[in-house]
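Please treat every number below as a calculation from the coordinates, not as lab data. Remember, predicted model here, so these are calculated numbers, not experimental data. Neighbour counts run over all protein chains shown; Cβ positions are idealised from the backbone, glycine included.
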Amino acid sequence: MESSKTREQAAHDIASVLPGRTHDLARLRILIDDSEPVVTVVGKYNHGKSSLLNELLGRDAFAVSDWRETVRLSDSVHQGVRWLDAPGLDADVGTADDREALRAAWLKSDIRLFVHAAKEGELDAKELKLLTELDADRARTGRQTLFVLSQVDQVADDAALRSVGDAIDRQMPGLTLNAVSSVRHRKGLEGGKPLLLEKSGIPALHAALHAELARVPHARAHETALLIREIDAELQLLRAAQQTSLDLLRCTQRQQRLDFDRGLATVIEKVAGDIDAMLNALATDHAIVLDSAKDAYMITAGKLERAHVQIAYSRACIEIDAVLTAHGVMGLPTQQQVAASSSFNSVMIAVMGVSVKFRKDLRRMFCEASGRERMQREFTHYYELSADRKALAAQIADTQAAIAASEQAAAAMRLFEARA
């Protein structure tokens, strides 16, 4: 049997890839680990929530006063049911109470008692929003919300009470109003007055609660299956989307490499052919004849030859560099750069050198297969070190890590399914 701590880790693994399901996972753990049904009373400050709970439990389990008494979630277990008294909505200007009340209503509760004082008339905007959200949750999960119109003894007469009921019905059509008076119920008990007890509405609310509590096991089973099914489906969609993304990234990576290899091979073959044709058209190789001292300031055949070779080499480099630049291959990786001059920190210079002045060097570099293979190999090396390629590789690695996390989350879901 898996421990609660193991399920806590499992929930963490799932929430790491589905952060939007953090609340549902916390609820799922409660459904699996907690056996007793939970009834939570929510509503605005000073609407009689604590008094109502005390009458329902038949004892003063919750503090009651004219000032704000409930400042944090308080509970009491009675006859196998956990009763929660949430801080009043809008009781704390810092909204800490609101957050605690909503946490109780959404996370811990199997049944919510939404309390609204009759003397306040219709629901305000915040109450209406919360009640609407609770009703939507009922439709989704099966968790029930009973609307309690409290403190009915504080309205003038039955006509005034009907007016309040009509106003609320216009806001929430079809809403069942459980009208109660904790004061009448307490007086009926103390005075032994059955009619006052009946008129308090507490016995009818008791009956409604008893019926809903009987349905809690079925509702919990439904909600557990629903959450597991939803989270499983979302994990499957996420995993499929991640795999599609990975496939696209890998396809892009392969296609980019294929395009680079083809483009580079094509330009190398082209410039190699141009250089081979140029070299074959030349006659005597004057470049190999060294200039004498008297030739230092003269234009010689050797100087012209070497200049011709250098121009052919530069043109070839320009054509190759255009292909490299189109594929994002320009500067050297940081660890290979030199401080002397930024102009030396280019891939072209790293692979080809600065200059070539002799025919034999051109032939070795461009006309021999080994020279062309070296250029293809070394330029490809720097291509894979380019910023764009490294960024793409990082995207692939991140996606692979995300897939691994999703697979771990899917495995973690098995822990919850085993206990459902």
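Miscellaneous remarks
- Length gained on full extension, His222 to Thr6: 75.4 nm, using 0.36 nm per residue less the C-alpha separation.
- Å³ per residue enclosed by the Cα convex hull of the range 154-288: 296 Å³
- Helix 158-171 axis, angle to the chain major axis (alpha carbon atoms, nearest 10°): 20 degrees
- Alpha-carbon Rg/Rh ratio, for the chain, with Rh computed the Kirkwood way: 1.40
- Split the chain at each of the chymotrypsin sites (Phe, Trp or Tyr not before Pro) in a DSSP loop with at most 11 other beta carbon atoms within 10 Å, and the longest piece is 68-296.
- Karplus-derived 3J(HN,Hα), 6.51/-1.76/1.60, for each residue of the range 245-255, Hz, glycine and proline x: 4, 5, 4, 5, 5, 5, 4, 4, 4, 5, 5
- Using a Förster distance of 41 Å, the FRET efficiency for Glu269-Leu304 (Cβ separation, nearest 0.05): 0.90
- Relative contact order [Cα under 8 Å, 6+ residues apart], the range 4-240, whole percent: 18 percent
- Pair Arg250, Ala214: separation of 7 Å Cα→Cβ label points (nm): 5.8 nm
- Net length gained if the chain between Arg262 and Glu373 were fully extended (0.36 nm per residue, minus Cα distance): 38.6 nm
- For the range 264-270, the Karplus equation 6.51 cos²θ - 1.76 cosθ + 1.60, evaluated at θ = phi - 60°, returns couplings of 5, 4, 5, 5, 5, 5, 5 Hz by residue, with Gly and Pro reported as x.
- Where labels lie 7 Å past Cα in the beta-carbon direction, separation of Ala393 and Ala125 in nm: 5.6 nm
- Gained length - Gln171 relative to Ala139, 0.36 nm times residue gap less alpha-carbon distance: 9.7 nm
- Mean residue ellipticity (222 nm) of the chain, computed from DSSP H runs ≥ 4 via -39,500 (n - 2.57), nearest 500: -20500 deg cm²/dmol
- Of Lys270/Lys390; Lys126/Lys199; Lys44/Lys126; Lys303/Lys357; Lys270/Lys303, those spanning more than 18 Å from alpha-carbon to alpha-carbon: Lys270/Lys390; Lys126/Lys199; Lys270/Lys303
- The percentage of C-alpha pairs in the range 4-240 whose separation is greater than 29 Å is 31%.
- Entries of Lys49/Lys129; Lys108/Lys193; Lys129/Lys187 with Cα pairs more than 25 Å apart: Lys108/Lys193; Lys129/Lys187
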